[in-house]
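The values are calculated or read from the model by the stated rules, or taken from the named source; none is laboratory data. Predicted, not measured: the structure shown is a model, and the values here were computed from it. Every residue, glycine among them, receives a Cβ derived from its backbone with ideal geometry; neighbour counts consider all protein chains shown.
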Amino acid sequence: MAKLSVGIVTAGGDAPGMNAAIRCCVRSLLAGEAKVLGVRRGYKGLIEKDFESLTSRSVSGIINLGGTILRTARCDEIKSELGLDVAAKNLNELSLDYLIVIGGDGTFRAAKEISRRSGVACIGIPASIDNDIDGTEETIGFDTAVNTALDAVDKIRDTAISHERFFIVEVMGRGSGFLAITVGLAAGAEFILIPEKPPNVNNIIERYRMMKSLGKTSMIAILAEGAMDGLTLVNELKKKVDAEVRFSSIGYIQRGGVPTVRSRILANLFSSKAVEMIFEGKKDFMVGIVDNKIVEKTLSGKKRVLCERELGMLDLAEKLAI
Ligand code: F6P
């Protein structure tokens, strides 16, 4: 039987643990005698034919590294008909049997289209610090980003307490509040502001005054970047509350760094499941974790929405802040 030929691409925003996923895919595929090709710089590399053959040595010493050795890109071309056609044509020229795509919901949406046009089966491994991919309760990189942000908030808390200040701390999450909710509950934040429930400044002020009347001398609000503009919020608050209000954005620090145990383990479990399914001849699916089990699902390409557990975490954080 002809050897399977499998491509691997990391696309969209990088997430800690992507390298552990690449390593596991490469070595598991090689163990099954498949040929492995890396697509460099995300879908940009697929369009521009930027490929490299991957061996076991190509993935040595990367399990502990953040980012992605294959590089990645935000690729606008892949959102157009022309870009999708070129990507599909290039994939066909390579005679690949499968393309493993490691990334977020946008990456999966493009993968579905590329697969439809080329006939090459695309397999999704969810990796994003946002944790907002339909089909899985957790993504590679989320746990690392949460821990990085939490460490920063704990440090900011020292200044908040010492100076009796009200801090607005911005975390990532353009369209989703998973990171903000998780960090907020773990940090004991007084406010968690997320895009799914657009914040109302008057309500924030009212709640601030209520908590102040209960003897609180410092407070922290965790603001998901997509909920509202942080500086606008700070300026509004400065006019209306009797506290020194400060803004701190954690930013890209959350996207990088050494992946945590959880991010690495998830990367390994997702990737080995994906390769196992490939050798079984399964097509067009994604892997995920649901009820603590590694599962395979249809590649939906949708965003995950807040579930009951996360909404409960939000309520709990609010209750415990008083
Ligand atoms: O990867 C997801 C994410 O981290 C979002 O939370 C954030 O808004 C976005 O990426 C920013 O990404 P970039 O600046 O790389 O486009």
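Values for this structure:
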quantity	calculated
Identity of the residue in segment 269-311, in a strand (DSSP E or B) and in contact with a helix residue (DSSP H, G or I) (Cβ under 6 Å, 6 or more places away or on another chain), that ends up farthest from Leu4 (Cα to Cα)	Lys303
Residues located in segment 231-265, provided they are surrounded by 14 or more Cβ atoms within 10 Å (Cβ to Cβ), within 14 Å of the chain's Cα centre (by Cα) and within 16 Å of the ligand (Cβ to nearest atom)	Ile253, Gln254, Arg255, Gly256, Gly257, Pro259, Ser263
Those residues of segment 121-143 which are surrounded by 24 or more Cβ atoms within 10 Å (Cβ to Cβ) and over 22 Å from Asp291 (Cα atoms), in sequence order	Cys122
Of all residues in segment 2-23 being among the polar types (S, T, N, Q) and over 13 Å from Asp105 (Cα atoms), the one that is nearest to the ligand (Cβ to nearest atom)	Asn19
Criterion (on the phi > 0 side of the Ramachandran plot and either at pLDDT 95 or above or within 15 Å of the ligand (Cβ to nearest atom) (or both)) met by exactly one of Gly124, Gly141	Gly141
Contacts under 7 angstrom Cβ, first residue in segment 126-145 being under 13 Å from Ser176 (Cα atoms) and in contact (Cβ under 8 Å) with a residue 24 or more places away in the chain, partner away from the ligand (no atom under 12 Å from the Cβ) and charged (D, E, K, R), 6 or more apart	Asn131/Glu138; Asp132/Arg304; Ile133/Arg304; Asp134/Lys302; Asp134/Arg304
Matching residues in segment 183-227 - criterion: being within 16 Å of the ligand (Cβ to nearest atom), part of a loop (DSSP other than H, G, I, E, B) and in contact with a helix residue (DSSP H, G or I) (Cβ under 7 Å, 6 or more places away or on another chain)	Ile194
Subset of segment 160-179 that is without any contact (Cβ under 8 Å) to a residue 60 or more places away in the chain and over 18 Å from Leu231 (Cα atoms) - its residue that is surrounded by the fewest Cβ atoms within 10 Å (Cβ to Cβ)	Ser162
Single residue of Ser53, Ser80 found to be of a type in the set (Gly, Ala, Ser) and over 13 Å from Ala110 (Cβ atoms)	Ser53
Residue list for segment 119-142, filter: in a strand (DSSP E or B) and hydrophobic (A, V, I, L, M, F, W, C)	Ala121, Cys122, Ile123, Ile125, Ala127, Ile133, Ile140
Residues of segment 228-251 satisfying the condition of being without any contact (Cβ under 8 Å) to a residue 24 or more places away in the chain and part of a helix (DSSP H, G or I)	Leu231, Thr232, Asn235, Lys238, Lys239
Scan of segment 151-174 for residues that are more than 13 Å from the chain's Cα centre (by Cα) and either in the same structural domain as Asp85 (by TED's automatic domain parsing) or within 16 Å of the ligand (Cβ to nearest atom) (or both), ordered by number	Ala152, Val169, Glu170
Scope segment 129-138; condition hydroxyl-bearing (Ser, Thr, Tyr) and on the phi > 0 side of the Ramachandran plot; matching residues	none
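Here is a yes/no grid of residues against (1) closer than 26 Å to Arg255 by Cα; (2) among the polar types (S, T, N, Q); (3) surrounded by 16 or more Cβ atoms within 10 Å (Cβ to Cβ):
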position	(1), (2), (3)
Ala2	no, no, no
Val6	no, no, yes
Gly17	yes, no, yes
Leu29	no, no, yes
Ala34	no, no, yes
Leu46	yes, no, yes
Glu52	yes, no, no
